Amino acid sequence: MLEALFQRIEDKRDDLVALTQELIRVPTVNPPGEAYTPCAELIGNRLARRGFSVRYLRGEDTPGDSARYPRTNVVARYAGRAPGPCVHFNSHIDVVEAGHGWTVDPFAGIVRDGKVYGRGACDMKGGLAASIIAVEALIEAMPDLPGAIEISGTVDEESGGFGGVAYLASKGLFSPPRVDHVIIPEPLNKDRICLGHRGVWWAEIETHGSIAHGSMPFLGDCAVRHMGAVLNRFETELYPKLAAKHTDMPVVPEGARSSTMNINSMHGGQPEGFEGLPSPCVPDSCRMVIDRRYLIEEQLADVKAEVVSILDDLSRTRDNFDYSIRDLMEVIPTMTDREAPVVRAVAAGIRDVLAKAPDYVISPGTYDQKHIARIGHLHDCIAYGPGILDMAHRPDEFVGIDDMVDSAKVMAQASLALLTGRI
Ligand SMILES: [Zn+2]
């Protein structure tokens, strides 16, 4: 039975490649959230022709939503012949900007040497296409399946997922009993199961000074120098402390098994991007955005306190040091149990298709699983899909065609097991 299903997926190889190309050619760049509606319709129209009931849900009034850039999501549902569980494949349709350094057109969907190239090929239109082909093959091969299969194409994952999965989860679309098992085909490599992700705290720190003529800086107070003092304390105290924290979460790559913090941006003084000459002023404000990634063993309150205690100490010890801090985003770490049904079903698929044991990993960054866990209260959720994680967001991004075919087989087998309860 599985052999026939796998053969059917092999036979759809050209269709899989063509679908991936079609998806890449819709430049769903976020920000600003370009071409979401045509991309959602491409998916919806295809699945409607195959008997799915299709809904379009716009993330109204979510960040970035406007008449020019509607946050259009698509959810397609195929109801089986008898009651049963629901398996849901969720992919984000947005991609990051192309950036520089490409040797091929990032939105042409060029095929070369067994790979499809383009922005989003790996993250994650290749995974989306693989899940569609997997589900279509399964429905054709076994039209009498019980339960339901859903495929969603959602927006804004790259900018937090608020108009996408978070919005749909708030409407009950990611909660039992409507949905029981979720697979997110993010590019984690075809032999790995991603159980969850680390936590996130984004914050903006601002140091305050006072403006004066640049020729007499002693009459003002330089906010950039105050920020320099913050950076110095980060270098000497905070970074060594973070590097010393290790997790039992199987995070990949290895470097992310410690706590990390990126300084996302820093700006002080006159605005950038002005063509003329600056005027001589002492900056009265300097802002820094930090991106702190934390471990399941840490508490968010402690993560914040580490930074705030350094700032408070500077307030006590450094003349005129004055700061403010505001939270930009918080995400709690999540990790699905290795014995959860969706994990066991995909693990069995990897063993059968690839003849090897799966690796269990945790993503260094977050993805939409956070909303499914926290808002949907659905915990039988993993990321599994084709593509090499390191290729995401890079120039000449690609996805391997064999990898897409293999992972489609794993997805089809896992869906069959979950729908029929044979796991
Ligand atoms: Zn992604």
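Please treat every number below as a calculation from the coordinates, not as lab data. Predicted, not measured: the structure shown is a model, and the values here were computed from it. Glycine gets a Cβ as well: all are built from the backbone with ideal geometry, and neighbour counts include every protein chain shown.
Kindly provide log₁₀ I(q)/I(0) values, in the same order as q = 0.15, 0.22, 0.24 Å⁻¹, from the Debye equation applied to equal alpha-carbon scatterers of region 337-423.
-0.65, -1.22, -1.31
When the chain is treated as a GNM, springs tying every alpha-carbon pair under 10 Å, which of 203, 148, 67 comes out with the largest mean-square fluctuation?
Answer for the Gaussian network model of the chain: 67.
Please list, ordered by chain and number, the residues whose modelled amide H lies under 5 Å from the amide H of residue 285; skip anything fewer than 5 residues away on the same chain.
Amide H to amide H, under 5 Å and 5 or more residues apart or across chains, residue 285 pairs with 209, 223, 269.
Can you list which of the DSSP-assigned H helices in the chain have a Cα extent of 24 Å or more along the long axis and an average Kyte-Doolittle score of at least 0.0? Can you show the working numbers first?
Working: long enough: 300-317 (26 Å, 0.41); 401-420 (29 Å, 0.76).
Counting only whole DSSP H runs, the qualifying helices are 300-317, 401-420.
With viscosity set to 1.306 mPa s and temperature to 10 °C, compute the Stokes-Einstein D of region 204-331, Rh being the Kirkwood radius across alpha carbon pairs; µm²/s, no decimals. Mind dumping the intermediate values first?
Values: Rh = 16.2 Å.
Answer, rounded: 98 µm²/s.
Summing Lys, Arg as +1 and Asp, Glu as -1, what charge do residues with Cβ under 13 Å from the Cβ of residue 182 carry, residue 182 excluded? List each step's numbers first, then the result.
Values: positive: 178, 370; negative: 150, 180, 186, 368, 380.
Every neighbour counted, the sum reads -3.
Can you compute 3J(HN,Hα) from phi for each residue in region 202-213, using the Karplus curve 6.51 cos²θ - 1.76 cosθ + 1.60 with θ = phi - 60°, rounded to whole Hz and x for Gly and Pro?
Result, ordered by residue: 9, 8, 10, 9, 10, 9, 10, x, 9, 6, 7, 5 Hz.
Find the Rg to Rh ratio for region 6-46, where Rh is the Kirkwood radius over alpha-carbon pairs and Rg uses the same atoms.
Details: Rg = 12.7 Å, Rh = 11.4 Å.
Taking Rg over the Kirkwood Rh, I get 1.12.
What number results when the radius of gyration of the chain, computed over Cα atoms, is divided by 2.2 N^0.38 Å?
Working: Rg = 23.8 Å, N = 423, 2.2 N^0.38 = 21.9 Å.
Ratio of Rg to 2.2 N^0.38 Å for the chain: 1.09.
In what order do 94, 390, 144 fall by count of nearby beta-carbon atoms within 10 Å, going from fewest to most? Write down the numbers at each step before the final one.
Details: 94 27, 390 11, 144 7.
Going from sparsest to densest Cβ surroundings: 144, 390, 94.
Taking H as built 1.01 Å from N, whose amide H comes closer than 5 Å to the amide H of residue 387, not counting residues under 5 places away?
189, 190, 400
Go from 0 up to the bin containing the longest alpha carbon distance in region 105-219, width 5 Å each, and give me the % of pairs per bin.
2, 7, 11, 15, 16, 13, 8, 6, 4, 4, 4, 4, 2, 1, 1, 1, 0
Once the dipole of the chain is set up with Lys and Arg at +1 and Asp and Glu at -1 on Cβ about the Cα centre, which of 229, 106, 141 lies farthest towards its positive end?
It is 141, whose Cα lies furthest towards the positive end.
Taking K and R as +1 and D and E as -1, what net charge do the other residues with C-beta under 15 Å from the C-beta of residue 67 add up to?
Working: positive: 58, 68, 71; negative: 34, 60, 61, 65.
Combined, the nearby Lys, Arg, Asp and Glu give -1.
Can you tally the net charge around residue 295? Count Lys and Arg as +1, Asp and Glu as -1, for every other residue whose Cβ sits under 14 Å from the Cβ of residue 295. Provide the component values of the computation, followed by the final result.
On the way: positive: 198, 241, 245, 257, 292, 293; negative: 248, 254, 297, 298, 302, 306.
Charge balance in the 14 Å sphere: 0.
What does DSSP give for the chain in terms of the percent of beta bridges that are antiparallel, rounded to the nearest 5?
Close to 70 percent.
Sort 140, 158 so the one with the fewest other Cβ atoms within 10 Å of its own Cβ comes first.
Working: 140 12, 158 22.
Listing 140, 158 from fewest to most nearby Cβ atoms yields 140, 158.
Roughly how far apart, in whole Å, are the Cα centres of region 166-224 and region 296-342?
What the calculation gives is 12 Å, centre to centre.
Could you list which residues have their amide H under 5 Å from that of residue 259, counting only those 5 or more apart in sequence or on another chain, with H placed in the peptide plane?
Placed amide hydrogens put 245 under 5 Å from residue 259.
Go through 249, 218, 199 and say which Cα lies farthest out towards the positive end of the charge dipole of region 186-250; charges sit on Cβ, +1 for Lys and Arg, -1 for Asp and Glu.
249
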